[in-house]
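These notes are about the structure you will find just below.
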């Protein structure tokens, strides 16, 4: 057979392949794995590769096949995704998408893969080269699939797993494996070699964050190095923006509108991708704290009588307003775009009686604040009836006994109630009127006009039943029930 001549420039690669060292053409290839599925001692799930955040290194504290048999047994109440023998053989017991019970901490189990290694934590023989190499190939393959940084924060030992109660480490049983004989420097070097990892691209958000949390529109940029070609901006695990041109910035520098996020803690993540398979991920937990957008008014108070020209003034709080719309009984009357937001309304254009003045403010970030004021228009004077001609005085008849009944009440069915609601009831032949909220008596009035001041802001948001019960002198009663709604986030006084 003719001898094979290897060009000089390929000689280092050939030597590396013969020696079992990974080269770029063979990066992140999964080593041979024997599948021996266990049953009953793991949790079935559907984890995606990018949901994995850690790889946990364990030691079996026993022989290889005995450990395999035990971790397959449901009575063990423990399991591991992989077991690596001293000879480098790898057996898989749990699918990577399922949750193995290996760390003694459920939160760690959910987001990690467990790899057992045949041996003893404090044994004199340590661990073999075959174990290091095949385990590193497996870890490199897993890290590449999950886009996981190859460092000691993401590839950890069982001894680093927090205890479930937050006191100590090593999981629930305080494990110390893989112990002092495990060479982390050698292992991570092999993992990076097999995964084809390049020097990590350093990134960070350069925005100066205000104290107390983020608010409004926040500039979000990524400072990168190492030939980054694409950056994904991720909020709470979802890609919100992708930038392919430097300088890498969210929405091309227009910033992130935090008003679309609830107040509280959020995870901001940057994923950088270079040529080939080079990548890096950095995460940061931030606190969003936006003020409530609201509107206040002056010039007309709820349930007051108004006449002539009414001047209504408004102020907005929590954000800048693009416009303020004034409506009367649902019909737009005026739009104000610059402060001071005010309106002069001629109440003589409407009939006397109850009318709803509504002020709606629109913020620059898209939020809406409303204020509804129910007023009573009273413009027309009371006309006296003409004096009738004298008529023969009829024989007096005994007055009819008054009938107990509820005539009307000021609160309307379906109304939205905020602040102090003035609840008036008109009744005939009543000895007293009881006011009930959700079946509970909140007050009693024994003289007309029967009135209760009800503080709707003290109630839980949602619908409430208001019942007015008129009770006669003999104890007989009549009642009427309506339903009102208390909105969430109410803070002002007064009724709609």
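Please treat every number below as a calculation from the coordinates, not as lab data. For clarity, every value in this text was computed on a predicted model and none was experimentally measured. Using ideal geometry, Cβ is built from the backbone for each residue, glycine included, and neighbour counts are taken over all protein chains shown.
Scaling against 2.2 N^0.38 Å puts the C-alpha radius of gyration of the stretch 217-288 at 1.09. Simple spin-label estimate for residue 460 and residue 485 gives 1.8 nm between the two label positions (7 Å along the Cα-to-Cβ direction from each Cα). With Cα atoms defining each centre, the stretch 241-313 and the stretch 340-403 are spaced 43 Å apart in the structure.
Dividing the alpha-carbon Rg of the chain by 2.2 N^0.38 Å yields what?
Working: Rg = 37.9 Å, N = 496, 2.2 N^0.38 = 23.3 Å.
Here the answer is 1.63, to two decimals.
Computed over the stretch 360-447, the P(r) curve from all C-alpha pair distances, binned at 5 Å from the origin, holds 3, 7, 11, 12, 11, 13, 12, 10, 7, 5, 4, 2, 1, 1, 1, 0 percent per bin. Take the Kirkwood radius over Cα pairs of the stretch 294-377, plug it into Stokes-Einstein at 4 °C and 1.567 mPa s, and you get 100 µm²/s for translational diffusion.
Highest mean first, the peptides 368-380, 252-264, 400-412 sorted by other C-beta atoms within 10 Å per residue fall in the order 368-380, 252-264, 400-412.
Could you estimate the translational diffusion coefficient of the stretch 124-183 from the Stokes-Einstein equation, with Rh from the Kirkwood formula over C-alpha pairs, at 10 °C and 1.306 mPa s, in whole µm²/s?
Working: Rh = 13.1 Å.
In µm²/s, the coefficient is 122.
At 20 °C and 1.002 mPa s, what whole-number value in µm²/s does Stokes-Einstein give for the translational diffusion of the stretch 58-159, with Rh from the Kirkwood sum over Cα pairs? Don't skip to the end; give the middle numbers.
Values: Rh = 14.0 Å.
Reported coefficient: 153 µm²/s.
Extension gain, residue 96 to residue 29: 0.36 nm times the residue separation minus the Cα-Cα distance gives 22.5 nm.
May I ask for the Rg/Rh ratio of the stretch 25-195, computed from Cα atoms with Rh as the Kirkwood radius, given to two decimals? Write down the numbers at each step before the final one.
Values: Rg = 14.5 Å, Rh = 15.7 Å.
Here Rg/Rh amounts to 0.92.
Highest first, please rank the peptides 392-398, 443-449, 190-196 by the mean number of other Cβ atoms sitting within 10 Å of their residues. Don't skip to the answer; put the middle values down first.
Details: 392-398: 5.6, 443-449: 12.9, 190-196: 22.3.
Per-residue Cβ counts within 10 Å, averaged per peptide and sorted highest first, yield 190-196, 443-449, 392-398.
With N as its number of residues, the stretch 405-486 has a Cα radius of gyration that, divided by 2.2 N^0.38 Å, comes to 1.04.
Going by average Cβ density within 10 Å per residue, which order do the peptides 55-66, 38-49 take, highest to lowest?
Numbers: 55-66: 19.1, 38-49: 13.6.
Going by the mean number of other Cβ atoms within 10 Å, highest first, we get 55-66, 38-49.
Note on residue 130 and residue 444: their simple-model spin labels are 9.2 nm apart, each label 7 Å out from Cα toward Cβ.
Apply 1/(1 + (r/R0)^6) to the Cβ-Cβ distance of residue 225 and residue 368, taking R0 = 41 Å, and write down the FRET efficiency to the nearest 0.05. Computed FRET efficiency for residue 225 and residue 368: 0.40.
Classify the stretch 251-401 as rounded, prolate or oblate, taking a ≥ b ≥ c as the square roots of the eigenvalues of its Cα gyration tensor: rounded when a/c is under 1.5, otherwise prolate if a/b is larger than b/c and oblate if not. Judged from the Cα gyration tensor, the stretch 251-401 comes out prolate (a/c at least 1.5, a/b above b/c).
Quick check: from the Cα gyration tensor, does the stretch 324-363 come out rounded (a/c under 1.5), prolate or oblate? Intermediate values should be presented prior to the final figure.
On the way: a/c = 3.03, a/b = 1.94, b/c = 1.56.
Because a/c hits 1.5 or more and a/b exceeds b/c, the stretch 324-363 counts as prolate.
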